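Every number in this text was worked out from the coordinates using simple rules, so none of it is lab data. Keep in mind the model is a prediction, meaning the values are calculated, not measured. Note that each Cβ is placed from the backbone with ideal geometry, even for glycine, and that neighbours are counted across all protein chains shown.
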Amino acid sequence: MITPEAILGVLGGGQLGRMFCLAARRMGYRVWVLDPDPHSPAGALADRHLQARYDDTEALGEMRAHCAAVTTEFENIPAATLEYFASRIPVRPSPQSVAIARDRIREKRFIHAQGLATAPFRVIADAAELDAACTALRLPGILKTAQLGYDGKGQYVVHSPQEARAAFRALGEKPCVLEQRVELAREISVVLARSVDGQVATYPVGQNVHIDGILDTTRVPANIPAEVADRATGMAVKLAAALDYCGVLAVEIFHATDGALLINEMAPRPHNSGHYTLDAALTSQFEQQVRLLCGLPPGSTRLLSPAVMVNLLGDLWEQGTPAWERLLCHAEAKLHLYGKQRARAGRKMGHFTCLGEDITAAARLAETIRHELSAPT
């Protein structure tokens, strides 16, 4: 086990890395962050910010020499970088897990190999495969790049082969998946923590609402039957075991109107839908990330209060700095800002979480605050 005062490394310096830094430093660890952005939100809180590319050999060598273990805050770290660290120190989650999760083609094939379902899809390697894929699937569908897409980026809804071809050109004719659109009852997610020796702790299933491909709200507990929650949790645990995973894993799942549970994607890291754990769970997903990186067992995932988490996007800053006093005057609301210098439309700038005696009260408070923040000052 890696004990406090050791140095932990984080590859990536966004808000997830920032919240990891806060958890690690509270527990007595030191943190080094590698990120090329001089204004990295995580770098601002780290004990040391290595401002360098993810393939910078000098920075990688220094980090490997001083850090006891390394984790990532997003999937798109070069595979060679992860393997470089793994040759000498623990890297959790493993490079193999990250490689599967970062590529939609590998990810979907892996999910099916475990006997689990996704929405119907076809792999698109070149334009010649599009017409056959459109015939095999029931359109409309969603054309998604195999790599680098997130928060609605790198994907297009298509209603015809002509639209599919135009979308493929717009995506640079890179490998894609064409996914059949599914009639949804709701979207849910399971966040879990799995230790190096296979101990698993799962959080309550969250119910998510997306707008334009970006997560808007997460409600916990989800408004679903216990049997559906158990099935969803079992699917996530099965995936984690098949990956021999160590770390925090989030699995996004479609609950279709016909009752089917279809895995959308998995994230090999803390997830936006798990941010409520900072305020409403005994152990936050970021403390879990620290614990699991250091070879410790998972902490308790007990829910302390029903909660609703609301993302704060850069659009809210269009008229200037929001009137935070309107939020902070509510005793059961918690504000989290990410320290980003520039607000722009669609950029995640922070979130707030509302707690309540029940989910209805928490949701009512969240909507009240949302209205108050968007009202003219």
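The Cβ shell under 13 Å around Val205 holds other residues with a net charge of -1, Lys and Arg each +1, Asp and Glu each -1.
Estimated from the Cβ-Cβ distance and a Förster radius of 35 angstrom, the FRET efficiency linking Gln51 and Arg344 is about 0.95.
With contacts taken as Cα pairs under 8 Å at a separation of at least 6 residues, the chain carries a relative contact order of 14 percent.
Magnitude of the Cβ-charge dipole of the range 7-91, K/R +1 and D/E -1, about the Cα centre, nearest 20 debye? Don't skip to the answer; put the middle values down first.
Values: 8 positive and 10 negative charges, 86 e Å.
Charge dipole of the range 7-91: 420 debye, to the nearest 20.
The modelled label-to-label distance between Glu58 and Ser160, using points 7 Å beyond Cα along the C-beta direction, is 5.6 nm. Just checking the listed ones, Val70, Val290, Val158: in the Gaussian network model of the chain with Cα springs under 10 Å, the one fluctuating most is Val158. As an equivalent ellipsoid, the range 184-374 spans semi-axes of 28, 19, 16 angstrom, where each value is the square root of five times an eigenvalue of the C-alpha gyration tensor, largest first. Among 131-141, 221-231, the peptide with the highest mean count of other Cβ atoms within 10 Å heads the list, and the full ranking is 131-141, 221-231. Here the simple spin-label model places points 7 Å from the Cα toward Cβ, and for Ala99 and Arg169 these points are separated by 3.5 nm. The charge dipole of the range 149-294, taken about the Cα centre with unit charges on the Cβ atoms of Lys, Arg (+1) and Asp, Glu (-1), comes to about 240 debye, rounded to the nearest 20. In terms of packing, defined here as the mean over residues of other Cβ atoms within 10 angstrom, the peptides 14-25, 307-318, 351-362 line up highest first as 14-25, 307-318, 351-362. In this simple spin-label approximation, Ala132 and His371 carry label points 7 Å from Cα along the Cα→Cβ vector, and these lie 5.5 nm apart.
If packing is taken as the mean number of other Cβ atoms within 10 Å per residue, what is the order of 112-120, 210-218, highest first? Walk me through the intermediate numbers first.
On the way: 112-120: 14.9, 210-218: 17.2.
Ranked from most to least packed, the peptides come out as 210-218, 112-120.
Looking at (1) 72, 47, 46; (2) 60, 52, 39; (3) 58, 51, 43, which value of Cα extents along the principal axes in Å comes from a calculation on the structure shown? Computing Cα extents along the principal axes in Å and matching it to (1) 72, 47, 46; (2) 60, 52, 39; (3) 58, 51, 43 gives (3). Shown here are the Rg and Dmax of the Cα trace of the range 275-359, at 15.1, 46 Å.
Quick check: residue separation of Glu227 and Val209 times 0.36 nm, minus the Cα distance between them. What number comes out in nm?
Values: separation 18, 0.36 × 18 = 6.48 nm, distance 2.11 nm.
Computed gain between Glu227 and Val209 is 4.4 nm.
For Lys153, the lysines whose Cα comes closer than 23 Å to its Cα, not counting residues fewer than 8 places off in the same chain, are Lys108, Lys144, Lys174, Lys340, Lys348. Taking Cβ atoms as reference points and 13 Å as the exclusive limit, the residues near Leu327 contribute a net charge of -1, counting Lys and Arg as +1 and Asp and Glu as -1. Residues of the range 341-377 falling in the label zone of Glu332, defined by backbone nitrogen less than 14 Å from a point 7 Å along Cα to beta-carbon, are 353-369. Comparing Glu179, Glu75, Glu58 in a Gaussian network model of the chain, where Cα atoms under 10 Å apart are tied by springs, the biggest mean-square fluctuation is seen for Glu58.
Working note: Cα gyration tensor of the range 120-180, eigenvalues times five, square-rooted, sorted largest first, giving semi-axes of 16, 12, 10 Å. Per residue, the average separation of C-alpha pairs within less than 8 Å and at least 6 apart gives the range 33-139 a relative contact order of 15 percent.
Evaluate the relative contact order of the range 1-54 (contact order divided by residue number), counting alpha-carbon pairs under 8 angstrom at least 6 apart; express in whole percent. Relative contact order comes out at 37 percent. Here's how it looks for Asp56: its modeled amide H is under 5 Å from none belonging to a residue 5 or more places away or on a different chain.
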